[in-house]
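Heads up: the structure comes next, in structure tokens.
The values are calculated or read from the model by the stated rules, or taken from the named source; none is laboratory data. Keep in mind that what you see is a predicted model, and the values were worked out from it rather than measured. Neighbour counts are summed over all protein chains in view; Cβ atoms, including those assigned to glycine, are modelled from backbone coordinates with ideal geometry. Heads up: the accessible areas ignore ligands, DNA and RNA and are worked out on the full protein's heavy atoms, side chains in. Shrake-Rupley method; radii C 1.70, N 1.55, O 1.52, S 1.80 Å.
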Amino acid sequence: MNVTLGAATILALLGSVPASAQDAAQGHAQHLAGAKSAKVKLVYQHPLPGIPGQSLKGVLVEYGPGGYSPSHRHAKSAIIYATVLEGSVRCQLNGGEIRTFRVGQNWTELPGDHHGVSANASETQPAKVLAVFVVDDADQELTIPDNSR
């Protein structure tokens, strides 16, 4: 199954959830070990209809000026569609070119991809990314820093 969701579609989905259901799905912001001025927060979670054991999870990643996440992988089942909501971020996947993504731009991460660089491109402005995961319910840890292996 090949599904492509645009940022506007994802944001519409987030906005269409009743407040009580959305509040229940939201977690508290968490800081990743080895990160600088970066926090992640689960903002949406919903089982995928007709696909038992799979969920759609929206994670808001917020970087302060100069902030970054350590190199990492994601849950082994995760397919991720990430969109920059504010500022700009630098990203490197699987040892490839370091690219800068700006508001409205996006990238996809497939199962097993290695995220070598994930950082705010600015030393003076914050940045935000919405990462939408399609993931097995059994995979509770969504981000695994390299140093935790």
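Quick notes
- Any chance PHE133 is surrounded by 14 or more Cβ atoms within 10 Å (Cβ to Cβ), of a type outside the set (Lys, Arg) and free of Cβ contacts under 8 Å to residues at least 60 places away in the same chain: no
- Just one of (1) without any contact (Cβ under 8 Å) to a residue 24 or more places away in the chain; (2) more than 16 Å from ILE144 (Cβ to Cβ); (3) out of contact with any Ser or Thr (no Cβ under 6 Å at 6 or more places or on another chain); (4) exposed (fewer than 15 other Cβ atoms within 10 Å of the Cβ) fails for ARG102. It is (3).
- Among the candidates GLU86, GLU123, GLU141, residue that is farther than 16 Å from VAL61 by Cα, open to solvent by 50 Å² or more (accessible area, probe 1.4 Å) and among the acidic types (Asp, Glu): GLU123
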